[in-house]
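Before any comments, here is the structure.
The values are calculated or read from the model by the stated rules, or taken from the named source; none is laboratory data. Bear in mind that the values here come from a model prediction, so they are computed numbers and not experimental data. We place every Cβ from the backbone using ideal geometry, glycine too, and count neighbours over all the protein chains shown.
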Amino acid sequence: MAIAINQFIRKTPRASLRAYFDKKPHPIAALVNWNDEESDLVKPLLKAVDEMTDTELAMLKIDAERIHEMTDEIGQRALFSVVTDGHIATYLALKSAHDRALFVFLRSPDAFRRAEDIRYADEYRKGRMWDGVLDPIDLNVSRNNQHIADFEKQVTDYFRTGGKLKVEIFNRTRSDLEYDAIELVQVMIYREDLPDSYLAFENNDLVTKVRRPVYEMALTYEAKTGAIEVISQGRECREELVKLFSATLLQSPLDEAQRVPLKKYDISKLLHSYDFPTDPEDGIEIVKVMMLELKPMDSGNKVRPTVTAKETKTIHEVSRDWFATHDPLRTGFLPAKAKLSIRFKPDSIDRRGKTLPVEITWPNGCDLKGKTAKEQLIGDKYLKRWGLVEEI
């Protein structure tokens, strides 16, 4: 059984599950006594899932996976942004992340898909598929039909694959570290790629069928700062998309793109013990250096002292015990990479307390993407306070 189906059934309240099966009638719903609040719902539903036909299972799996994907912090934030004022009180009173995702899924399929688009842009933000450049501030993203048609044509011409292409433009927000709303305009591009063939059964015979896979690309524009962010495969593709977007939908051609400022990381201070000061209201329990990758000045070879989560000594104490007078932390080795473990105290979201791993690579690498509130807190506030980062 797919994990998404299992979680969907286990973590969605009875009334919401019933609403789902009422709207999407399914044979397994008949096996449950919905009116008996005391009867177990989970076991008969999970048993019935195991007996479903492949087609029935596939249909349920598609819905369950879409709902389950929106239950993490990024998905919940995206859903909250599309709930209308008239439904917000009901939405906030729901009992679980699955319940909230299903609420939007059933009441407004268009809003749910919009939330999926927002999640897509935020999930891949500042990852390998991301680039950011700066354009003039206070521009308007055009909704003019001719401008959109020009943009679609130029994107189609660039990829040279033919096929259909669809562009959707909408306003949205993103929260900053202080939870203030940053106003954005997001542009989604859905593009058919070259045809692909696959084998399928038809009347017990193998036949070859053809399909054209659809790829998603996303752009966001923040008028206040002029920042354009693009998510797509391939750096050259991203650069071209930004130019086409700026020339057609912003009506502000870019001769040469100025990239969003990089951050330069300096992890040399981690060669020595450091107490990582924090503010009590941020709920950080402990910060621990788990690994330091070091190299001598005249060689590409590396040494990597590492400690486990259960180790009571610091990495500096362990390295001193192991290497004594040859301790690489004190004999001129250069730090190339560091791994931190940041443990938060239990809160209403993470009742056991969350541990956030952070990997920093000199000079410009960090795996914090700012997707969650805790990642934003560390990336935007504490790496600067601890003297590990500066913008360049």
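Structure data summary
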| quantity | calculated |
| --- | --- |
| Residue that is farthest from Arg128 (Cα to Cα), among those in region 352-392 that are over 18 Å from the mean Cα position of the chain (by Cα) and part of a helix (DSSP H, G or I) | Arg385 |
| Flag for Met52 being touching a residue at least 40 places away in the same chain (Cβ under 8 Å), of a type in the set (A, V, I, L, M, F, W, C) and either surrounded by 18 or more Cβ atoms within 10 Å (Cβ to Cβ) or assigned by TED's automatic domain parsing to the domain that holds Ala373 (or both) | no |
| Filter result for Leu41 (surrounded by 17 or more Cβ atoms within 10 Å (Cβ to Cβ) and at pLDDT 95 or above) | no |
| Residue within region 7-15 that is touching a Lys or Arg at 6+ places or on another chain (Cβ under 8 Å) and touching a residue at least 12 places away in the same chain (Cβ under 8 Å) present | yes |
| Some residue of region 224-233 being more than 21 Å from Tyr124 (Cα to Cα) and either aliphatic (A, V, I, L, M) or surrounded by fewer than 17 Cβ atoms within 10 Å (Cβ to Cβ) (or both) | yes |
| Residue count, region 104-143 (criterion: touching a Leu at 6+ places or on another chain (Cβ under 6 Å) and closer than 17 Å to Asp72 by Cβ) | 2 |
| Residue under evaluation Asp131, criteria (1) within 16 Å of Lys243 (Cα to Cα); (2) in a helix (DSSP H, G or I), criterion not met | (2) |
| Conditions (1) farther than 20 Å from Leu134 by Cα; (2) surrounded by fewer than 17 Cβ atoms within 10 Å (Cβ to Cβ): number failed by Leu271 | (2) |
| Filter result for Arg174 (within 22 Å of Lys371 (Cβ to Cβ), in a helix (DSSP H, G or I) and not assigned by TED's automatic domain parsing to the domain that holds Lys381) | no |
| Leading residue by the ranking (surrounded by the most Cβ atoms within 10 Å (Cβ to Cβ)) among those in region 61-120 that are aliphatic (A, V, I, L, M) and outside any helix (DSSP H, G or I) | Met70 |
| In region 135-165, the residues that are part of a helix (DSSP H, G or I), of a type in the set (D, E, K, R) and within 27 Å of the chain's Cα centre (by Cα) | Glu152 |
